[in-house]
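K.L.:
I have a structure here, written as structure tokens, and I will follow up with some questions on it.
The values are calculated or read from the model by the stated rules, or taken from the named source; none is laboratory data. A quick note: this is a predicted structure, and the numbers were derived from the prediction, not measured. Neighbour counts are summed over all protein chains in view; Cβ atoms, including those assigned to glycine, are modelled from backbone coordinates with ideal geometry. Side chains included, ligands, DNA and RNA excluded: accessible areas come from the protein's heavy atoms. Shrake-Rupley method; radii C 1.70, N 1.55, O 1.52, S 1.80 Å.
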Amino acid sequence: MTPGLLWVAASALAAAVGAVMMKQIEGVRPLQFQAWVGFTSLWPLAALSAVLEPGQVEAAARAPVVFVSAILFSGLVVSVGSHTAYYWLIQRHEGTLLQPLTLISTLLIIVMGVLITHDPFGPRMAVGAALALAGVLIIALRRNQVAPLLLAFRSRAQ
């Protein structure tokens with residue numbers, strides 16, 4: 001197994017654990033949650049970037065407009081906008097429905113890579129995209145068997 005595949009699997013595991021933990025947290029507004037996530041992740045990620053990605057300061061200095069644009073897009077659109085919306089959704093819906101839908105962002109990245117930077121798109125990529133879409137479709141169309149049981153259990157407990 002390649003190290004990249006292991007990192008992807010670890011990332012998926014961390015996202016799943018995070019979704020379960022977020023579902024259990026009550027009383028924290030989504031934007032507030034995102035602010036804490038951003039604040040606490042900034043420092044270790046900045047340190048790791050400084051150690052593992054040499055030359056970042058020089059690259060930013062060579063293209064300051066691109067650098068500032070990327071920071072603003074990442075900070076405002078992705079972190080504040082998208083992640084706050086995700087936290088809001090996860091507080092209101094089941095995680096097993098929402099987590100597979102995050103695969104759609106991967107598919108959009110593939111499409112944008114092909115259209116904007118002319119990344120190659122071959123049969124392996126097509127099969128992978130089709131499998132990801134099939135997984136999302138199965139999750140989205142399946143009948144919810146947990147919620148009726150949970151509602152029945154709660155009504156008996158009261």
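K.L.:
Could you run through the stretch 88-140 and say how many residues are of a type in the set (D, E, K, R) and either touching a Pro at 6+ places or on another chain (Cβ under 8 Å) or more than 30 Å from Leu31 (Cβ to Cβ) (or both)? First the steps, then the outcome.
P.N.:
First pass over the stretch 88-140, keeping only residues of a type in the set (D, E, K, R): 92, 94, 119, 124.
Checking which are either touching a Pro at 6+ places or on another chain (Cβ under 8 Å) or more than 30 Å from Leu31 (Cβ to Cβ) (or both) leaves us with 119, 124.
Residues in the stretch 88-140 being of a type in the set (D, E, K, R) and either touching a Pro at 6+ places or on another chain (Cβ under 8 Å) or more than 30 Å from Leu31 (Cβ to Cβ) (or both): 2 in total.
K.L.:
Taking the condition of being open to solvent by less than 100 Å² (accessible area, probe 1.4 Å) and either within 18 Å of the chain's Cα centre (by Cα) or on the phi > 0 side of the Ramachandran plot (or both), how many residues in the stretch 33-61 meet it? Let's see the steps before the verdict.
P.N.:
Going residue by residue through the stretch 33-61, those that are open to solvent by less than 100 Å² (accessible area, probe 1.4 Å) are 33-35, 37-38, 40-42, 44, 46-50, 53, 55-56, 59-61.
Now narrow it down to the ones that are either within 18 Å of the chain's Cα centre (by Cα) or on the phi > 0 side of the Ramachandran plot (or both): 33-35, 37-38, 40-42, 55.
Here the count works out to 9.
K.L.:
Restricting attention to the stretch 3-32, which residues are closer than 22 Å to Thr102 by Cβ, assigned to a loop (DSSP other than H, G, I, E, B) and open to solvent by 80 Å² or more (accessible area, probe 1.4 Å)?
P.N.:
Here is the first cut: in the stretch 3-32, the residues closer than 22 Å to Thr102 by Cβ are 4-25, 28-32.
Next, from what is left, pick out any that are assigned to a loop (DSSP other than H, G, I, E, B): 25, 28-29.
Answer for the stretch 3-32, where residues must be closer than 22 Å to Thr102 by Cβ, assigned to a loop (DSSP other than H, G, I, E, B) and open to solvent by 80 Å² or more (accessible area, probe 1.4 Å): just Arg29.
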